[in-house]
Amino acid sequence: MNQEADVPTRKILVTLLKTKGAQSVGELAKQLGITEMAVRRHLNTLERDNLIESRLVRQAMGRPTHLYSLAPAADELFPKKYQHLTLDLLEELEALAGQEKVDLLFERRKDRLIGRYEDRMAGKPLSERVTELADIQNSNGYMVNLESKEDGSFVLQEHNCPISQVANQYNHACTCELAMFRDLLGSAATVERTECLAKGGSKCSYVIQPAEE
C-alpha cells in the first residue's frame with residue numbers, strides 16, 4: 001500500500017473507532033478489507049501520534065487481546081461547529097439584553113485574558129514583551145509573523161483568526177483585541193492596527209512603536 005493510500009485508510013480506521021467504539025486488530029481488518037499486518041502498521045502510526053490507545057482484555061477462552069480506541073487528542077480530528085454555537089448564543093443575548101451586553105461580554109473576556117498573560121510581561125523590555133505577545137497569539141492559532149524594523153518598531157501580522165466568524169458579525173471583538181495588545185505592552189509602546197481580516201483585509205496587521213520619551 002503506498003503512502004497516498006495510507007492516509008484515507010487511516011481516516012476510515014479512525015472513523016470506525018469513533019462510530020463503533022473499541023475494536024481489535026482482527027475486527028478492524030475485516031471491516032477495512034486489509035490484512036491484520038497492515039492494520040497494525042496503521043495503528044502503530046496512530047499510536048505514535050497519540051491518537052489511539054490500547055488496553056489488554058482477557059477472554060474466557062484463548063489468549064488476551066488488545067482493544068484499540070481513540071485517545072482524547074483524536075477528538076480534534078472531527079468537525080466542530082463551536083463558532084456557529086457561539087454566534088447563536090451571542091445573537092440570543094443581543095435579542096434579550098441588547099448590544100451593550102454583548103459588548104460587555106467581550107470586555108470581560110479581554111480583561112480575563114489580560115489577567116492570564118500580564119505576568120508574562122512583567123519587568124520585561126518592549127522587545128521581549130512584543131515577542132511574548134507574538135508567542136501568545138501563535139499558541140492561540142493566529143499564525144503570527146513578527147518583524148523588527150530598523151527604527152525600533154515592530155510589525156505583528158496575524159494570518160489566521162480563530163474567531164473570524166464572530167469578529168465579522170461583532171466588531172467589538174477586534175476592538176478588544178487591540179485594547180488587550182495595548183494593555184499588555186503598556187505605556188512603553190503605541191499600537192495601531194493597519195489591516196483587519198474582519199474588515200476585508202488579507203490579515204490583521206499591527207504596527208507597534210516605542211512610545212516617545
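The values are calculated or read from the model by the stated rules, or taken from the named source; none is laboratory data. Every value quoted in this text rests on a predicted model; they were computed, and no experiment measured them. Virtual Cβ from ideal backbone geometry, glycine too; neighbours counted across all protein chains shown.
Within the range 75-121, restricting attention to residues that are of a type in the set (S, T, N, Q) and closer than 30 Å to K18 by Cα, which residue is surrounded by the most Cβ atoms within 10 Å (Cβ to Cβ)? Within the range 75-121, the match that is surrounded by the most Cβ atoms within 10 Å (Cβ to Cβ) is T86. Here is a list: D111, D103. Which entry is among the acidic types (D, E), modelled with pLDDT of 95 or more and closer than 14 Å to D183 by Cβ? Answer to the selection: D111. Only one entry in M143, M121 is in contact (Cβ under 8 Å) with a residue 24 or more places away in the chain and in the same structural domain as T194 (by TED's automatic domain parsing), namely M121. The listed residues are Y170, Y206, and the only one of them that is surrounded by 15 or more Cβ atoms within 10 Å (Cβ to Cβ), more than 30 Å from E92 (Cβ to Cβ) and either in contact (Cβ under 8 Å) with a residue 40 or more places away in the chain or among the small types (G, A, S) (or both) turns out to be Y206. When the range 27-53 is filtered for residues that are surrounded by fewer than 16 Cβ atoms within 10 Å (Cβ to Cβ) and in contact with a Phe, Trp or Tyr (Cβ under 9 Å, 6 or more places away or on another chain), only E47 remains.
Among residues of the range 87-103 that are in the same structural domain as C174 (by TED's automatic domain parsing), those with a beta-carbon under 7 Å from a residue that is aromatic (F, W, Y) at least six positions away or on a different chain give the pairs L90/Y170; V102/Y170.
If we scan the range 157-173, do we find a residue that is in a helix (DSSP H, G or I), within 19 Å of Y206 (Cα to Cα), in the same structural domain as T86 (by TED's automatic domain parsing) and touching a Phe, Trp or Tyr at 6+ places or on another chain (Cβ under 9 Å)? Quick ask: steps written out before the conclusion?
To start, the set of residues in the range 157-173 that are in a helix (DSSP H, G or I) comprises 164-169, 172-173.
Among the residues that remain, those that are also within 19 Å of Y206 (Cα to Cα) are: 164, 167-168, 172-173.
Keeping just the survivors that are in the same structural domain as T86 (by TED's automatic domain parsing) gives 164, 167-168, 172-173.
Subset that is touching a Phe, Trp or Tyr at 6+ places or on another chain (Cβ under 9 Å): 172-173.
Yes: one or more hits.
Looking at the structure I just gave you, is E150 at pLDDT 95 or above, surrounded by fewer than 15 Cβ atoms within 10 Å (Cβ to Cβ) and either in the same structural domain as V102 (by TED's automatic domain parsing) or over 23 Å from the mean Cα position of the chain (by Cα) (or both)? Before the answer, list the steps.
Working: at pLDDT 95 or above: no; surrounded by fewer than 15 Cβ atoms within 10 Å (Cβ to Cβ): yes; either in the same structural domain as V102 (by TED's automatic domain parsing) or over 23 Å from the mean Cα position of the chain (by Cα) (or both): yes.
When the stated conditions are applied, E150 does not pass them.
Of all the residues in the range 159-188, those that are at pLDDT below 95 and touching a Ser or Thr at 6+ places or on another chain (Cβ under 9 Å) number 4.
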